[in-house]
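Handing you a structure now.
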Amino acid sequence: MQPKKSISELRRGVYVFAALAALTALEYWLGISQAEAIFLWVIAVLKAALVAVYFMHISRLFGAPGDHE
Amino acid sequence: MSTSSSSLTAYRQRLGINRLGLWLFFLSDAFVFGAFLFTRFYLLDGKRPHLEQSLGLVVTSVLLISSFFMNRAEAQMSKGDRKGFLTSTVITMLLGIAFLVGVVGFEWRLAPFGPADGPEGAVFYMMTGMHAFHVFSGVVFLFIILRNGIKGRYTPERHWAVEAAANYWHFVDVVWIFYYPALYLIGVV
């Protein structure tokens, strides 16, 4: 059971990284196009949320004391 | 209940307290970084420092990739893949060093202003300097878990230090997620 879970964690890491890379490319394009700052802030918040939820596992903080899952 | 299972139960209870403590530290550190971000917009408003756009994108990408490998290292430790954990940790460390070289070694030299050249210099060097210091301490933290990992001190059930180092690394990445547009993309030169 444990290995199966970790494999999905590895795969999820790839998806999250792809999303972060795409958002960074969009952010760069908007930045050099002199777009409104609000769009860049929205992208930054989205990226930060992705990292906090999927890489930092913020949900572990609110669950019952458990293990490293 | 055997000694080892009761010890594991105690470890799991401690884990919840450790996580809370770490996130409280992140919160306190976020106030420091947030204050610098506020200062940037208060002092420079609609202007931004004249910086190398391509270099900014490169160092941002390097940090992003390092976060991917950090997440991979933690997942591999949870799986019990010690070799994979060590490899991913080394890659993360190298990318962290590359980020430091890019910012401190290149961007600081290429910037057409110094730390004492008005608000532009003060804001840029304070923000990037404070962030670079955190990246450096993150690299030190990674070196410690790498050394302990080589000695076989972590198991899939017990590796709080690995989780803490990974979360610290991701926190530093989150800070840069806000600093990158604030320094490189928002405003006019």
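Near the amide H of B:LYS47, under 5 Å away, which other amide H atoms are found, from residues 5 or more places off or on another chain, if H is placed in the peptide plane?
Excluding prolines and chain starts, which carry no amide H, the hits are B:VAL188.
From the C-alpha gyration tensor of region B:1-158, pull out the three semi-axes of the equivalent ellipsoid (sqrt of 5λ each), sorted largest to smallest, in whole Å.
Semi-axes, largest first: 38, 20, 11 Å.
Sticking with the crude label model, points 7 Å out along Cα→Cβ, report the distance from B:THR155 to B:TYR42 in nm, one decimal please.
For B:THR155 paired with B:TYR42, the spin-label model returns 5.1 nm.
Hey, another quick one. As a footprinting exposure proxy, order A:PHE55, B:PHE41 by other Cβ within 10 Å, with the fewest listed first.
B:PHE41, A:PHE55
Now, a different point. Under the 0.36 nm per residue contour assumption, what length would be gained going from the current alpha-carbon distance of B:VAL104 and B:PHE25 to full extension?
Between B:VAL104 and B:PHE25, full extension yields an extra 25.9 nm.
Here's another thing I want to ask about it. Mind pulling the angle between the C-alpha long axis of helix B:82-100 and the longest principal axis of chain B? Nearest 10 degrees, somewhere in 0 to 90.
Around 20 degrees separate the two axes.
OK, next. Based on other C-beta atoms within 10 Å, arrange A:ARG11, B:ARG19, B:ARG158 from fewest to most.
A:ARG11, B:ARG158, B:ARG19
Hey, got the average number of other protein chain Cβ atoms within 10 angstrom for residues in B:177-188?
6
Please compute the Kirkwood hydrodynamic radius over the protein assembly as shown, one decimal place, Å, based on all pairs of different Cα atoms. Please report the intermediate quantities before stating the final value.
Details: mean 1/r = 0.0521 Å⁻¹.
Mean inverse Cα-Cα distance, inverted, gives 19.2 Å.
Every number in this text was worked out from the coordinates using simple rules, so none of it is lab data. The structure presented is a predicted model; accordingly, all values stated were derived computationally and were not measured. No Cβ is skipped: glycine too gets one built from the backbone with ideal geometry, and neighbour counts run over all protein chains shown.
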